[in-house]
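The values are calculated or read from the model by the stated rules, or taken from the named source; none is laboratory data. Just so it is clear, the model here is predicted, and its values are computed rather than measured. As a convention, Cβ positions derive from the backbone with ideal geometry for all residues, glycine included, and neighbour counts pool all protein chains shown. Heavy atoms of the whole protein, side chains included, go into the accessibility calculation; ligands, DNA and RNA do not. Shrake-Rupley method; radii C 1.70, N 1.55, O 1.52, S 1.80 Å.
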Amino acid sequence: MAEVQQNAGSLSLPPVIRKEGWLYKRGEYFRNWRHRYFILRDNGQLLGFKAKPSTPHDLDDPVHTFTAR
């Protein structure tokens, strides 16, 4: 019987989405509150969008990217 070895380093699974939804974010220059759609991933990445992403391709271009630790 042949053994199958798996290299865990070669597998690159996308981060799992932990929470997502609409939040209000205060603007950096104009201090008003803006409605934004945020996605929190299990790797600590927080992505912000002006509209809810409708396709996986839309996740590649967030308006805001933060890292939570």
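Computing the accessible area with a 1.4 Å probe over protein heavy atoms, can you report the carbon and sulfur percentage for the chain?
Values: 3250 of 6170 Å².
Heavy-atom surface of the chain belonging to carbon and sulfur, 1.4 Å probe: 53 percent.
What number comes out for accessible area per residue over the chain if the probe is 1.4 Å? Units Å², please.
Working: 6170 Å² over 69 residues.
Counting only protein heavy atoms, the per-residue value for the chain is 89 Å².
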Item to check | Dmax and Rg, reported as Rg then Dmax, of the chain (C-alpha, Å) | outcome: 17.0, 67
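Evaluate the charge dipole of the chain about its Cα centre and quote only its size in Debye, nearest 20, assuming +1 on the Cβ of each Lys and Arg and -1 on the Cβ of each Asp and Glu. List each step's numbers first, then the result.
Details: 11 positive and 7 negative charges, 131 e Å.
Charge dipole of the chain: 640 debye, to the nearest 20.
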Item to check | Cα-projected label distance for PHE30 with VAL63, points at 7 Å along beta-carbon direction, nm | outcome: 1.1
Next on the checklist: Quick one: 3J(HN,Hα) in Hz for region 18-30, Karplus 6.51/-1.76/1.60 with θ = phi - 60°, rounded, Gly and Pro as x.
Outcome noted: 8, 9, 7, x, 8, 9, 9, 10, 7, x, 6, 9, 9
Checklist outcome for this item: Phi angles of region 60-69, converted by Karplus (6.51 cos²θ - 1.76 cosθ + 1.60, θ = phi - 60°) into ³J(HN,Hα) in whole Hz with x for Gly and Pro, give 7, 10, x, 6, 10, 9, 10, 10, 9, 10
Checklist entry - aspartates and glutamates within cross-link reach of LYS50: Cα-Cα under 20 Å, excluding same-chain residues under 8 positions apart? => result GLU20, GLU28, ASP58, ASP60, ASP61
Checklist outcome for this item: Taking the dipole of the chain about the Cα centre (Lys, Arg +1; Asp, Glu -1; charges at Cβ), the one of LEU40, PHE30, PRO53 that reaches farthest to the positive side is PHE30
Checklist outcome for this item: Sorted by chain and number, the residues with a modelled amide H under 5 Å from that of VAL63, at a separation of 5 or more or across chains, are GLY48, PHE49, LYS50
Checklist entry - So which chymotrypsin sites (Phe, Trp or Tyr not before Pro) in region 14-69 end up in coil per DSSP with only 11 or fewer other C-beta atoms within 10 Å? => result TYR29, PHE30
